[in-house]
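The numbers here are math on the coordinates, done by the rules we state, and not lab data. All values reported here derive from a predicted model rather than from experimental measurement. Cβ placement follows ideal geometry from the backbone for every residue including glycine, while neighbour counts extend to all protein chains displayed.
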Amino acid sequence: MKPLFLLLRAVLVAFALVSTMPALAQTADDDAETSRDLASVESAIETDARITERIRNILIELEGYEGVTVAVRSGIVTLSGEVLDEAALTRLEELVNRIDGVITIQNEVTETTDLSKRLNPAIERMQSRVHQAVAFLPLVAVALTAAALIWFIGLRIARLRQPWERLAPNAFIADIYRQIILLVFIVAGVVIALDILNATALLGTILGAAGIIGLAIGFAVRDTVENFIASIMLSIRQPFQPNDAVEINGDEGKVIRLTSRATILLSFDGNHIRIPNSTVFKSRIVNYSRNSERRFQFEIGVEADSDLAAVRSLIEDTVSAMPFTLDAPGTSVWIKDITDSGVVFTVTGWIDQGTTSLLRARGETLRLVMLAIEAAGFAIPDTTYRIRMEGPATALVSETPEDEPPARPAAKPAPMPEPTKDVIGVDTQDDQALEKMIAQERSDETNPDLLRRNAPTE
């Protein structure tokens with residue numbers, strides 16, 4: 001009986017143990033999970049504390065963040081307080097974002113409105129800059145002295161007459177050489193001064209600003225720059241010489257001088273003509289003085305019923321017989337046109353400009369040709385128009401009374417003068433008078449001239 005009881009008791013104990021095992025396992029799992037949660041909370045608290053300490057240590061070392069407070073919870077940083085300006089606020093956010101473990105920032109920091117807090121840093125910065133400037137003055141003095149010495153050397157070299165006048169074709173180009181040399185020394189002085197001050201990086205900014213300013217000025221004074229370049233080109237390759245008779249852009253006259261801005265002409269009426277060099281460089285230039293031989297030309301007419309071959313031969317012989325006309329290229333005469341009044345001949349001849357005046361030669365030749373034509377019995381057309389009425393005559397006036405004296409007979413034409421070979425005044429006295437005026441103008445040394453006799457010409 002007793003053994004049976006013991007067996008039953010053992011079964012009951014085993015059953016009780018089996019039924020309590022899941023509950024014991026669940027309790028163990030809950031204890032483990034609770035332990036893990038506690039560890040995670042403790043780790044988050046430690047992380048937040050570490051982040052807080054890190055941010056506070058950084059803010060302590062920086063100036064201007066004394067009024068900023070920091071609170072961190074679960075990686076979320078809350079900032080509050082006041083800073084001096086917007087730049088300090090932006091810098092604060094950048095610093096906090098760089099710290100490990102920061103998830104996001106809740107920035108409640110504002111700019112201070114306290115006048116003393118805002119003025120004190122500005123005063124301190126100004127004082128600091130003044131102290132830095134005073135300490136920097138000896139170095140600045142050395143840099144300026146070096147630059148001034150280089151500029152002085154460049155100025156002395158630029159003022160030398162040689163070798164610039166020997167290298168340049170004229171005084172204008174020599175002045176350009178001097179200006180270039182002076183500019184090179186000025187730039188060198190600036191570069192050396194900046195290098196002494198350890199501010200060569202500023203040179204790029206200066207050159208960039210100078211380039212932009214130069215571009216703007218170039219567009220503003222485009223015509224002036226064009227005229228300056230034209231002056232250089234004309235002074236190097238001179239298309240004319242002093243006293244040359246030229247036609248430029250419709251203006252005729254003798255050349256007085258070429259300046260750095262304009263070409264000065266003396267018209268045949270004695271007036272000064274100033275033409276910008278840019279216009280001269282782009283215009284068609286007719287130089288009447290480059291060749292000593294020059295052709296004159298005029299037109300003369302005869303009646304249509306004249307012997308045209310005989311008239312042409314007569315005109316050609318008369319022109320060729322002039323003492324001032326040249327045998328080569330020679331005289332040319334041709335029929336130009338047939339008009340209502342007669343036949344028009346074109347007459348040309350050549351002269352030497354050095355000994356004969358073109359206008360006087362033309363006028364004298366025209367006079368002698370006209371006399372020769374009339375002396376040979378050929379008629380020069382009369383440009384007067386007459387009205388001839390045909391048919392029965394009609395009495396337009398009353399008969400002449402018997403006591404009225406008879407009408408005076410028509411006058412006979414005067415006899416034509418005999419042709420003469422005596423030439424009247426074809427010398428160059430008019431041109432010589434203009435040349436004296438030009439020589440007087442060129443003697444004024446206050447107005448420089450870029451024209452030279454030995455310069456290359458086009």
Residues with beta-carbon under 13 Å from that of residue 165, excluding residue 165: net charge, scoring Lys, Arg +1 and Asp, Glu -1? +4
Check: the stretch 174-272 dipole with +1 on Lys, Arg Cβ and -1 on Asp, Glu Cβ, in debye: 300 debye
Pull out a ≥ b ≥ c, the square roots of the eigenvalues of the alpha-carbon gyration tensor of the stretch 120-220, then state rounded if a/c is under 1.5, prolate if not and a/b is larger than b/c, and oblate in the remaining case. oblate
How much length, in nm to one decimal, is gained on full extension between residue 355 and residue 337, taken as 0.36 nm per residue of separation minus their Cα-Cα distance? 3.2 nm
Which ³J(HN,Hα) values, rounded to whole Hz and listed in residue order, are derived for the stretch 55-72 from phi using the Karplus coefficients 6.51, -1.76 and 1.60 in 6.51 cos²θ - 1.76 cosθ + 1.60 with θ = phi - 60°, glycine and proline given as x? 5, 5, 5, 5, 5, 5, 6, 9, 8, x, 10, 5, x, 9, 10, 10, 9, 10
Chain lengthening between residue 224 and residue 74 when straightened (0.36 nm per residue, less Cα-Cα): 46.7 nm
So how far apart, in nm, are the two label points at residue 288 and residue 269 if each is 7 Å from Cα heading toward Cβ? 1.5 nm
Förster radius 35 Å - calculated FRET efficiency between residue 305 and residue 424 (Cβ-Cβ, nearest 0.05): 0.65
Name the shape class, rounded, prolate or oblate, that the alpha-carbon gyration tensor gives for the stretch 303-379, where a ≥ b ≥ c are the square roots of its eigenvalues, rounded holds for a/c under 1.5, and otherwise prolate holds if a/b is larger than b/c and oblate otherwise. prolate
In the stretch 55-105, which trypsin sites (Lys or Arg not before Pro) fall in coil by DSSP and have 13 or fewer other Cβ atoms within 10 Å? 98
Counted charge near residue 297, where neighbours are those whose Cβ lies closer than 12 Å (Asp, Glu -1; Lys, Arg +1): +3
If I model a spin label at residue 111 and residue 440 as a point 7 Å from the Cα along the Cα→Cβ vector, what separation in nanometres do I get? 7.8 nm
Suppose the chain between residue 86 and residue 146 were pulled fully straight at 0.36 nm per residue; how much longer would it get relative to their current alpha carbon spacing? 17.3 nm
